[in-house]
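Below is one structure, written out as structure tokens, with a few remarks after it.
Read-outs throughout are calculated quantities, based only on the coordinates presented, and are distinct from any laboratory measurement. Keep in mind that what you see is a predicted model, and the values were worked out from it rather than measured. In this analysis, Cβ positions are derived from the backbone assuming ideal geometry, glycine residues included, and neighbour counts consider all displayed protein chains.
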Amino acid sequence: MHMRILIAEDEPVARMLLTRTLNQHQYEVVAVVDGRQAWAKLQQEHFPIVISDWMMPEMDGLELCRTIRQAPGNAYTYVLMITALSGRTNYLEAMKAGADDFLNKPVDEEQLLARLHVAERMLGLRQHVEYLKGLLPICSYCKKIRDEHNAWHQIENYIAPRSEAKFSHTICPECYEKVVKPQLKDM
């Protein structure tokens, strides 16, 4: 099963055709009739991809896109705007609102699938970057951590201001046997 996709499309036939096409290609689809319902669904659960019509009642696709982009959170939503409107001005307006891609109606199945493959690649790359940002460079010898400014810090001094962690220091059994016990014998 491919990714889950949320469709916001007010036209029943277009909504049904999109849903059927995506289901045939193993996508899990949830379809709603306007941007307001789409936003309500996104508040309940994350959808990695949203396919939204531009012109809809209640909340249009541009407003939905802006709302998605302004929302706090780490999980990225790839927005594919579909519309009967064409031309450079409309394309640029959709991109300015935060759309990741733009497709004209009537939607060509092969173009749609190609764009969804691009969306999946982009989301995969984004996930990989987020993972890499979570890695902490740590010195193998002294265990200091390098921060985003290339400065090295004791682990406690790095972690404490970035979390609610509290530190208590002790000696692990292995270090006690290898380091402390021999030192005590030498005293």
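Which order do His169, His46 fall in if you start with the one that has the fewest other Cβ atoms within 10 Å?
Lowest count first: His169, His46.
Given the -39500 (n - 2.57) contribution per DSSP H run of 4+ residues, what per-residue ellipticity at 222 nm results for the chain, rounded to the nearest 500 deg cm²/dmol?
-13000 deg cm²/dmol
Could you tell me how many degrees, from 0 to 90 and to the nearest 10, lie between the Cα long axis of helix 35-44 and the main elongation axis, the longest principal axis, of the Cα atoms of the chain?
Roughly 30 degrees, rounded to the nearest 10.
Nothing charged except the Cβ atoms of Lys and Arg (+1) and of Asp and Glu (-1): what's the magnitude of the dipole of the chain about its Cα centre? Round to the nearest 20 debye.
880 debye
Hey, what angle do you get for helix 88-97 against the long axis of the chain, alpha-carbon based, 0 to 90 degrees rounded to 10?
Once rounded, the angle reads 40 degrees.
With the chain treated as a Gaussian network of Cα nodes joined by springs under 10 Å, which of Asp53, Asp100, Asp147 yields the largest mean-square fluctuation?
Asp147
Report D for the chain in µm² per second (integer): Stokes-Einstein, Kirkwood Rh on Cα pairs, 37 °C, 0.692 mPa s.
Answer, rounded: 164 µm²/s.
Enumerate by residue number the chymotrypsin sites (Phe, Trp or Tyr not before Pro) in the stretch 69-153 meeting two conditions: DSSP loop (anything except H, G, I, E, B), and at most 11 other Cβ atoms within 10 Å of the site's Cβ.
Answer in residue order: Tyr141.
Can you work out the Karplus-derived ³J(HN,Hα) for every residue in the stretch 144-152? Use 6.51 cos²θ - 1.76 cosθ + 1.60 with θ = phi - 60°, whole Hz, and x for glycine or proline.
Taking θ as phi minus 60°, the curve returns 6, 10, 8, 8, 5, 9, 6, 9, 9 Hz for the stretch 144-152.
What is the sum of charges, Lys and Arg at +1 and Asp and Glu at -1, for the other residues whose Cβ falls under 11 Å from the Cβ of Lys105?
Residues near Lys105 contribute -4 overall.
Within a 10 angstrom radius of the beta carbon, how do Leu18, Leu85 rank from fewest other beta carbons to most?
Leu85, Leu18
In whole Hz, with x marking every Gly and Pro, tabulate ³J(HN,Hα) for the stretch 50-55 from phi via Karplus 6.51 cos²θ - 1.76 cosθ + 1.60, θ = phi - 60°.
3J(HN,Hα) across the stretch 50-55, in whole Hz: 10, 10, 10, 5, 6, 9.
For helix 61-70, what angle does its Cα long axis make with the longest principal axis of the chain, in degrees from 0 to 90 and rounded to 10?
For 61-70 against the chain, the angle is about 10 degrees.
Assuming R0 = 45 Å, can you tell me the calculated FRET efficiency for the pair His153 and Thr21, based on Cβ-Cβ distance, to the nearest 0.05?
0.30
Kindly rank 61-68, 9-16 from highest to lowest mean number of other beta carbons found within 10 Å of each residue.
My ranking of the peptides, most packed first, is 61-68, 9-16.
Taking the DSSP beta bridges in the chain as the whole, what percent of them are antiparallel, to the nearest 5?
So the antiparallel bridges in the chain amount to around 15 percent.
Once phi is turned into ³J(HN,Hα) by the Karplus curve 6.51 cos²θ - 1.76 cosθ + 1.60 with θ = phi - 60°, what whole-Hz value does each residue of the stretch 14-21 show in order, with x for glycine and proline?
So the Karplus estimates, Gly and Pro as x, are 4, 4, 5, 5, 4, 4, 4, 4 Hz.
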